[in-house]
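To keep things clear, I will list the structure first and then write my remarks on it.
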Amino acid sequence: MTSDEFPTDSLGRILTAVETIEGSLGVLARKQRMSREAYKADSDTRDIVERRFVKMTEASIDIGEEIVKYERGHPPASNPESMRSLGEIGVLSSSTAEQMAQGARFRNVLSHTYGRIIDHDTVYNALQDLERYRSFVIEVRDYLDSIGALDN
């Protein structure tokens with residue numbers, strides 16, 4: 001496939017989403033330095049971390065939807081499925097695809113729970129392991145490069 005086959009508006013949306021992920025990774029990397037106790041005691045930081053995870057995962061899902069629509073002609077059936085589909089079509093490694101599918105489910109928990117329902121230890125543990133999102137961005141960029149979409 002050539003770059004002129006990949007829709008320009010889709011590529012723009014993907015690149016904007018990548019910027020969102022990279023920006024959120026920077027913010028979250030700075031928050032990693034906090035101890036678990038300090039994190040759990042600081043509601044402002046918890047709000048920032050939770051929101052950045054939601055934004056970062058939503059951006060990843062948007063990327064998945066755009067690429068899957070391009071490759072298969074139809075969007076994935078669910079958010080986790082968008083990540084698994086990226087693995088099936090070779091955009092993501094199977095490991096990254098499964099970790100990102102788990103991230104999509106995690107986003108659903110963060111988006112639909114609040115207050116004391118959120119397990120702050122689970123969020124803190126996720127904060128300590130941001131590698132899935134770094135791998136996701138690298139693998140998506142490699143895919144876009146492989147199809148010539150970044151040749152402009």
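Quick notes on this one:
- Where helices (runs of 4 or more DSSP H) fall entirely within the range 1-112, those with at least 1 residues that are more than 16 Å from residue 126 (Cβ to Cβ) and within 12 Å of the chain's Cα centre (by Cα) are at 8-31, 43-72, 79-88, 94-112.
- Inside the range 59-85, residues that are under 15 Å from residue 132 (Cβ atoms) and open to solvent by 50 Å² or more (accessible area, probe 1.4 Å) make up a count of 1.
- Residues considered: 77, 29. Of these, the only one that is without any contact (Cβ under 8 Å) to a residue 60 or more places away in the chain and over 16 Å from residue 140 (Cα atoms) is 77.
- Scope the range 129-152; condition part of a loop (DSSP other than H, G, I, E, B) and modelled with pLDDT of 95 or more; matching residues: 130
- Of everything in the range 100-116 that is open to solvent by 70 Å² or more (accessible area, probe 1.4 Å) and over 14 Å from residue 61 (Cβ atoms), the residue that is modelled with the highest pLDDT is 109.
- Verdict on residue 87 being out of contact with any Pro (no Cβ under 7 Å at 6 or more places or on another chain) and at positive phi: no
The values are calculated or read from the model by the stated rules, or taken from the named source; none is laboratory data. All figures in this text were calculated on a predicted structure; none of them were measured in a lab. Please note: Cβ atoms are built from the backbone with ideal geometry, for glycine as well, and neighbour counts cover all protein chains shown. Keep in mind that these areas ignore ligands, DNA and RNA; they rest on the heavy atoms of the full protein, side chains included. Shrake-Rupley method; radii C 1.70, N 1.55, O 1.52, S 1.80 Å.
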